[in-house]
Each structure stands twice: as C-alpha cells, then as structure tokens.
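Reviewing the structure listed below.
Derivation of every value follows stated rules applied to the coordinates shown; laboratory data play no part. Note that the structure is predicted; figures quoted are calculated from it, not measured. Here Cβ is always computed from backbone atoms with ideal geometry, including for glycine, and neighbour counts include all displayed protein chains.
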C-alpha cells in the first residue's frame, strides 16, 4: 500500500459519521446496506448520508452497486486489511516475532494481524 492511499483512507474516516457508517457496514459483511437503511440506522437525513457515502466511495473505503433504484454499499474489507498490514508490517523493525507480547495484549483478532515469521520466544 502506498502512503497516499493510507492517508486517503484515514481522511475519509476522520468524520464520526463516516466512521459509524463504516463500522455499520463492516457488521453487515458482504450483504451491505442500501443508503436509506444506513441513514435510518444512524439517525441521519438521507441527503446528509449520501454526501458522506459519496466521499467514502471516492476513497474506496466502501464499494457501491446499483440494485434497481437502490444503491447498495459494502465496506471494502480487503482494503482495510491491507491498511492494517501496511501499518504493522515493520513491527519491531521488521521482526514481528518480537511483537508477540503486544499481539497478546491486542483486542484485534489474530486472523487480521500480519503473521509472525517465527514462533514467539518462550519465557520461563
């Protein structure tokens, strides 16, 4: 991932409304939601929500697909996983096995964390 892409993602989610919308879409997984459902769930006017969704689509944080007269939005989960990898790929100076203790303290699922290249050192 390029630095410009990472900063674009962060900028697109820097609004509390957009962050709430993204997290809502993450919970929906591949099913996604139509714009009206998102606005209703967040208690926002549809026109306000459309403005925020448009910005998120432009940043590629969410995808959109036409379904009849509705637009269905989905979180771009693979992009977010790429962002997590970008942020953590040089953990402990490129030796992520040294970060095993930090990983254990994290509430993040091990499935979304970058793999350790080596087993964690055993402590006695």
message: If packing is taken as the average count of other Cβ atoms within 10 Å, what order do 10-17, 22-29 fall into, highest mean first?
response: 22-29, 10-17
query: Cα gyration tensor of region 1-114, axes a ≥ b ≥ c as square roots of the eigenvalues: rounded (a/c below 1.5), prolate (a/b > b/c) or oblate?
result: prolate
